[in-house]
Amino acid sequence: MRRVLPILVVGLTACLELGQQPSSESTETTGSSATLGRYEVTASLDTQTCGTGSIVFPETLTFVIELDEEDKQLVWGDGALALRGRLAANGVEFSVEAKKVVDARGDTEAENLPPCLIERTDAVQGALDDPEAPTGFEATLEIDYAPEAGSDCEDLLFGPDRLVQALPCQARYELVGSRSD
């Protein structure tokens, strides 16, 4: 069975098939908050260096996200899976990042194999089209996979059930968001 790569960007599935939910914590609203809107996003694969394997990078993905500004931070997503990032002083440029370390062997019966912990980093950088009344944005999403120090993942890079062909590796998506509210 092939795994479709669910991107950690909230609104997509926020889980890494190598693991579970992201470790980002939701935070209660304590200060000023303003909605920047709900956006329909199309993500187009630009490049990927992971090769083939059970983690698949679809050519195109679509999803919906909410953007809010809260105390000079950008909130990407909604609810418990909301990610916090930075909204620049110009009110246009933004960035969001999330990291998750996952045991790539998961629940397998590989007791005699060394650990294989993989850190996944998702970084979104983009710009709204207008600081006052945004109607869209353009951004990039970079997804990096790297084995943690002391991990040995060699056996997961070969054969018909391999995860990917190379570690570390990266996928890059171009994102276009159109306001839908």
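What follows is calculated from the coordinates using simple rules that are stated; it is not laboratory data. Just so we're clear, the structure is a prediction, and the values are computed from it rather than from any experiment. As a convention, Cβ positions derive from the backbone with ideal geometry for all residues, glycine included, and neighbour counts pool all protein chains shown.
Table for the structure above
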read-out	value
Residue in the stretch 45-61 that is farthest from residue 170 (Cα to Cα), counting only those that are hydrophobic (A, V, I, L, M, F, W, C) and in a strand (DSSP E or B)	61
The lone exception for residue 96 - which of (1) assigned to a loop (DSSP other than H, G, I, E, B); (2) in contact with a Lys or Arg (Cβ under 9 Å, 6 or more places away or on another chain) it fails	(1)
Extreme residue, farthest from residue 156 (Cα to Cα), among residues of the stretch 102-126 that are surrounded by 15 or more Cβ atoms within 10 Å (Cβ to Cβ) and β-branched (Val, Ile, Thr)	124
Test: residue in the stretch 156-172 that is surrounded by 15 or more Cβ atoms within 10 Å (Cβ to Cβ), outside any strand (DSSP E or B) and in contact with a Lys or Arg (Cβ under 7 Å, 6 or more places away or on another chain)	yes
Given (1) free of Cβ contacts under 8 Å to residues at least 12 places away in the same chain; (2) within 24 Å of residue 36 (Cβ to Cβ), number of the condition residue 154 does not satisfy	(2)
Leading residue by the ranking (farthest from the chain's Cα centre (by Cα)) among those in the stretch 115-170 that are closer than 19 Å to residue 77 by Cα and small (Gly, Ala, Ser)	133
Boolean, residue 130 is assigned to a strand (DSSP E or B) and among the acidic types (Asp, Glu)	no
Condition met for residue 129 (over 17 Å from residue 55 (Cβ atoms) and exposed (fewer than 14 other Cβ atoms within 10 Å of the Cβ))	no
